[in-house]
Amino acid sequence: MFCIKLSLVLLLLFTPVFGAIFKLPSFHLMRNSDEESSLENSVDEEYENEPYSALSEEEFTALRIEYIKNQILKKLRLKEKPQIQLSDLPQPLKESENLFPDQDMDFISTYDDDFYGKTTQAVVLPYEDEASCLRKVLFPSRCLPFQLPNDIHGPDVSSAELWFHKKRDIMDPHNQTFIISEVAHWDTNKSFQKTKPIAIEETDMKEGWMKIDVTYVVKTWMDYPDNLIHAINVVCKTCGMDKSQSPISSLGDLKPFLIIYTHSQPKRTMIHRRPKRSLDCSVSKNECCRESLNISFADIGWDDWIIRPKYYNAYFCRGSCTTPMAIMNAATTHSSILQKVMTRGGLRGSRPELTPCCAATQFQPLQLAYLNGNKTVTTKVLSNMIVETCGCM
C-alpha cells in the first residue's frame with residue numbers, strides 16, 4: 001500500500017462527503033504499484049480497502065450535516081450558534097407567509113458568487129430606551145425606539161413599513177386618527193427633543209394591525225449610519241383613553257415591529273429560469289447521481305434561532321464515474337479533457353491512472369430567516385447551499 005500525508009487523507013475523505021456544497025477541486029492520487037487500481041471518487045467505492053470504510057452511511061450523513069452547519073455559520077459571519085431564546089414573534093410574522101421573502105428555490109441570484117449571505121429583509125423589534133423617547137405626553141401615545149441593522153445602507157432599502165396593533169377605544173365609532181412622527185433632537189446631547197410627522201392615518205378599525213409606510217425616513221436614517229438608534233412616536237389625538245395609556249399593544253405577539261426590505265429580494269433581483277434536469281439516485285442506480293440530504297433544524301437543535309425554513313433538502317452527489325455512460329454524460333470542460341486522456345491509447349496499452357469523480361456542477365441558494373439578536377429577525381440569501389445537478393468531473 002502507498003503512504004500518504006495526513007492532510008491529503010483528510011482532503012480525500014471530505015471531498016466526496018462535502019462536495020455537495022462546494023465545487024471542490026478534484027485530487028487524483030497515483031499509487032506506487034501498478035498492481036494497485038486507481039482510486040474511485042465515489043462514496044460507495046472509494047474507501048473499500050481504506051481505514052475509512054469502517055464509517056457507516058449514518059456517520060457520513062452526520063459529517064455532511066456538520067459541514068453544512070459550519071457553512072451556515074460562516075456565511076452568516078457567526079463563530080458559533082447564537083445563545084439567544086426565540087421570543088414571541090409578532091402575530092403577522094407567525095401567520096403570514098407573505099411577510100417573508102419568497103422561499104421558491106427556482107432562481108438564480110446575482111449574488112451567487114458572494115460567500116457571505118446577503119440581507120433581503122430585516123424585522124426590527126422595539127426596545128425600551130427612555131433617552132430616545134418623548135418626556136412630555138399630551139395624548140395617548142407610544143414611543144418605539146429601534147436599533148437598526150448595521151449591514152443595511154440607504155441605497156439598499158427598497159421599502160420599509162411600521163406595523164402596530166391598534167387597541168379598542170371608546171371613541172372608535174367616530175373613527176380614529178393616528179399621527180406617526182420621527183423623534184429627533186435639536187442638540188447632540190439629546191437634551192431638546194423634536195418631532196417630525198411621517199404619516200397621518202385615519203381608520204375605522206376597532207381593533208387590529210395597521211401598516212404605515214416609513215420608507216423615506218428609514219432610508220434617511222440609513223444614509224447616516226453613525227447613529228443606528230432611532231425612535232418613532234405613535235399618537236392618537238382622537239382616542240378617548242387617558243393620555244398615560246398606549247393606543248397600541250406592546251406585549252407578546254401583539255408587539256409592534258419595523259420591517260425593512262432591501263433590493264436583494266429574490267422577487268426583484270433573481271432571474272427565474274428552468275433548472276437543468278438532475279439525475280436523482282435510486283436503489284438500482286450506481287452511476288453518478290444526486291442523493292437527498294434532508295436537514296431539519298429542529299433535529300439539529302437550531303430551531304430556537306432559525307425561523308424559516310423549518311427544513312430543506314441540501315442534496316449531495318454520489319456514485320461511480322467509471323462506466324462509459326457516466327463518462328460520456330459528463331459535460332464540463334474538465335471532464336471532456338479527462339475523457340480524451342482516458343480514451344487515448346497509452347504507450348504500454350495500460351489504462352491511465354486518472355478517473356473522474358462525481359461532484360456537484362450547479363447549485364442553488366438558500367434563504368434563511370433567523371433571530372440574530374433579541375430584537376432583530378434577519379433574512380439572508382446564502383449561496384451554493386443546495387445541489388442542483390451532479391456530474392463526473
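We did not get these values from a lab; they are worked out from the coordinates using the rules stated. Everything numeric here is computed off the predicted structure, so don't read it as measured data. So basically every Cβ, Gly included, is an ideal-geometry build from the backbone, and we count neighbours across all protein chains shown.
Of note:
- Highest mean packing comes first when the peptides 205-213, 217-225, 364-372 are listed by Cβ atoms within 10 Å, giving 364-372, 217-225, 205-213.
- Of ILE232, ILE72, ILE200, the sequence from fewest to most neighbouring Cβ atoms within 10 angstrom is ILE200, ILE72, ILE232.
- Estimated FRET transfer efficiency (SER96, LYS194; beta-carbon r; R0 30 Å; 0.05): 0.30
- Cross-link pairs exceeding 19 Å in C-alpha to C-alpha distance, out of LYS167/LYS206; LYS74/LYS375; LYS94/LYS375; LYS166/LYS310; LYS75/LYS380, comprise LYS74/LYS375; LYS166/LYS310.
- Packing-based exposure ordering (other Cβ within 10 Å, fewest first) of ASP226, ASP151, ASP242: ASP226, ASP242, ASP151
- Taking other C-beta atoms within 10 angstrom as a stand-in for reagent exposure, ILE65, ILE170, ILE180 fall in the order ILE170, ILE65, ILE180, fewest first.
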